[in-house]
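Undergrad: Here you go, one structure.
The values are calculated or read from the model by the stated rules, or taken from the named source; none is laboratory data. The structure displayed is predicted, hence computed values, not measured ones. Glycine gets a Cβ as well: all are built from the backbone with ideal geometry, and neighbour counts include every protein chain shown.
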Amino acid sequence: MTEQKQVLCASCKCALQGPANPQLSDMLVCPICGNGDTVDVVNAEVGNYIQEQMSQAIHKAFTNGIGTTRSFKVTSDFQPKGGHRFIVDLAL
């Protein structure tokens, strides 16, 4: 089952606007600040955002779970990149 989410402008947290059935070359734009790009680029950036958020959630679960035992020492250099122009509201 696929869940659909609205793509948001990372600055304004406002849903992007565009055509009803967009093609990869169509533009999606924030109605507040004008931040926008093609559907293809927006999809790629949202994919990177989701991947980073999932990595961060897994890292947090791992360090909070295993990192509290005396048998293991958890060291990490995980650094979120951030700087995303487009995001989705994830419930992780």
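Undergrad: Taking the range 28-51 only, how many residues are in contact (Cβ under 8 Å) with a residue 12 or more places away in the chain and closer than 13 Å to Cys9 by Cβ?
TA: Count: 13.
Undergrad: Considering each of Ser55, Ser76, Ser25 in turn, give the residue that is in contact with a Ser or Thr (Cβ under 7 Å, 6 or more places away or on another chain) and either within 22 Å of Leu90 (Cα to Cα) or modelled with pLDDT under 95 (or both).
TA: On inspection, the qualifying residue turns out to be Ser76.
Undergrad: Can you tell me how many residues within the range 19-36 are over 23 Å from Gln53 (Cβ atoms) and in contact with a Gly (Cβ under 8 Å, 6 or more places away or on another chain)?
TA: Of the residues in that region, 3 qualify.
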